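Nothing in this text is a laboratory measurement; each read-out follows from the coordinates by a stated rule. Everything numeric here is computed off the predicted structure, so don't read it as measured data. Cβ atoms come from the backbone with ideal geometry, glycine included; neighbour counts cover every protein chain shown.
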Amino acid sequence: MLAIESVVRRQGVGGLSIDAVAKEAGISKSSVVYDFQNKAGLLAAFTRSRIAAHREQLDALLPQDDAPNRWLRGLLKRRSNRRPRKRSRSRC
């Protein structure tokens, strides 16, 4: 997954390929094809991995109760724990 993420961060989704991931990971293309079959498989695995990571972070922040708004409170808490983004000034 780290190799896929590195390629996507550096080259964007359009640059994601079996060859690029194999080079990044230092493995053969056939190994990547065996594990992921094609580019769609690479992207699906990466997406599932990122969703699972976000889900784990959210689950750690969820209040330990059964209130109907439990997920919303967890999302808001997660958002409030992030560092504020620096806004760029645009000059007209």
Q. Suppose every K and R has +1 on its Cβ and every D and E has -1 on its Cβ; what is the size of the dipole of the chain about the Cα centre, in Debye to the nearest 20?
A. 920 debye
Q: Would you mind computing, in nm to one decimal, how far apart the modelled labels at D59 and K77 are, each placed 7 Å from Cα along Cα→Cβ?
A: 1.5 nm
**Q.** Angle between the chain longest axis and helix 2-11 axis [Cα atoms, degrees, rounded to 10]
**A.** 90 degrees
Q | the chain: angle of helix 70-81 to the longest principal axis, Cα-based, in degrees nearest 10 | A | 80 degrees
Q) Using a Förster distance of 25 Å, how high is the FRET efficiency between S49 and V13, based on the Cβ-Cβ distance and rounded to 0.05? A) 0.95
